[in-house]
Amino acid sequence: MHQEAPVTIRHYRPEDLEVLRQITVDSFGSVALDQMMQDRLGVWNGRDWRARKADHINDDCLANAEGCFVAEREGVILGYITTRLDRLNLIGRIPNLAVEEKARGLGLGRRLIHHALDYFRQSGMKVAKIETMASNVVGQNLYPSCGFEEVGRQVHFAMRL
Ligand SMILES: CC(C)(COP(=O)(O)OP(=O)(O)OC[C@H]1O[C@@H](n2cnc3c(N)ncnc32)[C@H](O)[C@@H]1OP(=O)(O)O)[C@@H](O)C(=O)NCCC(=O)NCCS
């Protein structure tokens, strides 16, 4: 019987960036705030939600490359997680997390979160933080099941100028 090779989690490398950007724009349709803004306000400045959302990953990788991790099977990246450290207040934050559609439901999202939580602990963080849109059903199940508790809800407003 053919067994699939195991998925490993490793540190992000700069040459991963294009793949991470692609997974991001493929994954975040309908759950991204940037797309919701575009649905309401249209496109401005010639840059659609995909361009903005993908740029968030560049920001994450630039801000804290050592805290970005990818899930990989036989050299193929299936998902990633990005993190930031607030070393003054000892809060670790997870800004972005995505798993390719074909690799979902296998526990990779959960593994990536636990990997990030271990990294936070090793870095001396005392609190971990993650946000999700109220419309993101997966996040609202996954995060509490990883140990997070809901502490508040935020409403996003935007307008054309
Ligand atoms: C969120 C995401 C990363 C989860 O990845 P995944 O590898 O499929 O997640 P897992 O297999 O580890 O699933 C973990 C849990 O998520 C929840 N979950 C997964 N799919 C779900 C679904 N379709 N509906 C409801 N809950 C779901 C369950 O609680 C599941 O736990 P269980 O299998 O014990 O029931 C993935 O769905 C994704 O990339 N979504 C688009 C991008 C996104 O929403 N990112 C997070 C916002 S920052």
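Expressed as a whole percent, how much of the Cα-Cα distance distribution for the chain exceeds 26 Å?
29
Return 48, 60, 39, 16 ranked ascending by Cβ neighbour count within 10 Å, so the fewest neighbours appear first.
Values: 48 15, 60 23, 39 10, 16 19.
In order of increasing Cβ crowding within 10 Å: 39, 48, 16, 60.
Give me the dipole magnitude in Debye, nearest 20, for the chain about the Cα centre, with unit charges on the beta carbon: positive for Lys and Arg, negative for Asp and Glu.
On the way: 21 positive and 21 negative charges, 81 e Å.
For the chain, the charge dipole is close to 400 debye.
Quick check on the exposure proxy: order 78, 142, 90 from fewest to most C-beta atoms within 10 angstrom.
Going from sparsest to densest Cβ surroundings: 90, 142, 78.
Taking the beta-carbon count within 10 Å as an exposure proxy, list 132, 83, 8 from fewest neighbours to most. Walk me through the numbers on the way to the answer.
Details: 132 16, 83 26, 8 11.
The fewest-first ordering by Cβ neighbours comes to 8, 132, 83.
If contacts are Cα pairs under 8 angstrom and at least 6 residues apart, what is the relative contact order of the stretch 8-145 in percent?
On the way: 190 pairs, mean separation 33.2, N = 138.
It comes to 24 percent, rounded to a whole number.
Going through the stretch 36-126, which GluC sites (Glu not before Pro) have at most 11 other Cβ atoms within 10 Å and a DSSP loop state? Don't skip to the end; give the middle numbers.
Working: sites: 66, 72, 74, 100, 101; in loops: 74, 100.
In loop regions of the stretch 36-126 (DSSP not H, G, I, E or B), the sparsely surrounded GluC sites (Glu not before Pro) are 74.
Please compute the net charge surrounding residue 112, taking Lys and Arg as +1 and Asp and Glu as -1 over other residues with Cβ under 13 Å from its Cβ. Intermediate results must be reported in sequence, preceding the final value.
Details: positive: 10, 104, 110, 111; negative: 72, 100, 118.
Once all neighbours under 13 Å are counted, the net charge is +1.
Which residue, chosen from 68, 136, 7, occupies the Cα position most advanced towards the positive end of the dipole of the chain, where the dipole is computed from +1 (Lys, Arg) and -1 (Asp, Glu) charges on Cβ about the Cα centre?
Towards the positive end, the residue furthest out is 136.
With only Lys, Arg, Asp and Glu charged, each at its Cβ (+1 for the first two, -1 for the last two), find how big the charge dipole of the stretch 6-78 is about the Cα centre; round to the nearest 20 debye. Please report the intermediate quantities before stating the final value.
Numbers: 9 positive and 13 negative charges, 38 e Å.
That gives a dipole near 180 debye.
Coordinate-derived values only; no laboratory data. Just so it is clear, the model here is predicted, and its values are computed rather than measured. All Cβ positions, even for glycine, are placed from backbone atoms using ideal geometry, and neighbour counts span all protein chains on display.
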